[in-house]
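What follows is calculated from the coordinates using simple rules that are stated; it is not laboratory data. Model, not experiment: these values are computed from the prediction. Because the Cβ atoms are built from the backbone with ideal geometry, glycine has one as well, and the counts that use them run over all protein chains shown.
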């Protein structure tokens with residue numbers, strides 16, 4: 001089943017708090033910290049995508065839609081390998 005109301009986009013520094021909240025709600029151990037997410041965002045050779053629900057903004061609301069999940073791909077520098 002495909003949900004056309006979900007989109008993937010590159011993560012930004014503005015997503016850090018929501019990324020940490022996802023970690024806390026999904027994992028009991030071995031969680032990534034805010035510092036780790038920030039470090040990964042600043043690495044040119046890694047790819048951090050977030051999934052969010054596409055909703056129309058309500059008038060007067062500045063809130064971004066909640067994140068549904070994320071994908072972090074570690075790219076090995078100088079090769080086409082990823083993890």
Exercise. Using a basic spin-label model with each label point 7 Å from the Cα along Cα→Cβ, how many nm lie between residue 47 and residue 7?
Worked result: 1.8 nm
Problem set entry | Helix axis angle, 16-26 relative to the chain longest principal axis, alpha carbon, degrees | 90 degrees
For this session: Using a Förster distance of 22 angstrom, determine the FRET efficiency expected from the C-beta separation of residue 34 and residue 83, and round it to 0.05.
Result: 0.50
Exercise. In percent, how large is the relative contact order of the chain, given Cα pairs closer than 8 Å and 6 or more residues apart?
Worked result: 31 percent
Problem set entry | Net length gained if the chain between residue 73 and residue 21 were fully extended (0.36 nm per residue, minus Cα distance) | 16.8 nm
Exercise. How large is log10 I(q)/I(0) at q = 0.13, 0.16, 0.23 Å⁻¹ when the Debye formula is applied to the Cα atoms of region 6-74, each weighted equally and without solvent?
Worked result: -0.38, -0.56, -1.05
